[in-house]
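For reference, the structure discussed in these notes is given below.
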Amino acid sequence: MRILGVDVHPLGVNALHARLGDVIERRDRALVLHANAHGLNLAWEQPWLRDFLNSAALVFCDGAGVMLGARLLGRRIPERITYADWMWQLAATAEQSGWSLFLLGAAPGVAERAAARLRQRHPRLKIAGVRNGYFDTAPDSSDNRALVAAINAAAPDVLLVGMGMPRQEAWLRENWAQLDVRIGLTAGAVFDYVSGTLQRSPEWLNRIGFEWLGRLVIEPRRLWRRYVLGNPRFLARVLRQRLRAGETNP
C-alpha cells in the first residue's frame, strides 16, 4: 500500500523473518527499511528519501501512526514491528538460523553494550562486528572507506544501521553498492534501547499505540517537534491523500 508516496508492505514478524531468510539462503542482497510517521513526513519533504524507500525490497511498518494512516486510507497493516521489541526476536531467529549480525550506530560503547546484552540472552548469536555511528560519513573519507572495508571483511548476513533518520538512509544509499552484506536494515535508536542506555516508554502506553507519548515525556527537548508538530502534519497529509483518492474514484 502507498502512504504519502511510499510503498509500505503489510506484513508481520513471521512473514518478515521468512523474507529475510529467503534472501540470505539464496545469497541474494536486499535493503529492508522501516517506516513510521516521522520517516514518512521526511520522505514527503525530501524526494531522495522517498525514492530510496521505494527502492527497497521491503518497507515495514514501525509505528502506530502508520497503522492508523493505513486504516484512514481503507487498508490494514497486521502489526507494527517496533525495533525495541523486534531486535530481540530478530536475534533469536538469527541465533537459530546461524545468521551473523553487524551493529553500526549509536554513541561510542553503546552498540558494544547492546551486543553484549544480546549475547547474554542468545549465547550462540553471531556478532560479526560492532561500530559506533560517530565517523565522517563522506563517501571518500578515510573513516568511511575503513568502515566499509571492515564490514566487507566481516561479511555479515545482516547489517543494522542505527544512526537516526535520515542519516542512516543517506549512508546506506551512498554505500550499499560497495557493501558485502546480504541484508541492510535501518534501525534508528535500537542499540540505545537494547543496551539499556535509553528508557523505554511504559508498556501500557505501547500496547494502546501511544508509545510516541511515552517517548516524548522521556525526551521532550529532542522529540517535541517530531511528535507535537509532526504527528498532526502526518495525519493531515494522509487525510489529504484520502480526499484526493476519493476525488479520482467517485
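Couple of notes before you dig in:
- Here the gap between Leu223 and Leu205, fully extended at 0.36 nm per residue and compared with their Cα-Cα distance, gives a gain of 4.8 nm.
- For the range 148-250, the equivalent ellipsoid derived from the Cα gyration tensor has semi-axes of 32, 23, 12 Å, listed largest first.
- Using Cβ point charges alone (K and R +1, D and E -1), the dipole size of the chain about the Cα centre works out to roughly 660 debye.
- Take the convex hull of the alpha carbons in the chain; its mean projected area over all directions comes to 13.4 nm².
- Shape category assigned to the range 110-171 from the gyration tensor of Cα positions, a/c cut at 1.5: prolate
Taken together, the values in this text are just the output of simple stated rules run on the coordinates, not laboratory data. Every value quoted in this text rests on a predicted model; they were computed, and no experiment measured them. So basically every Cβ, Gly included, is an ideal-geometry build from the backbone, and we count neighbours across all protein chains shown.
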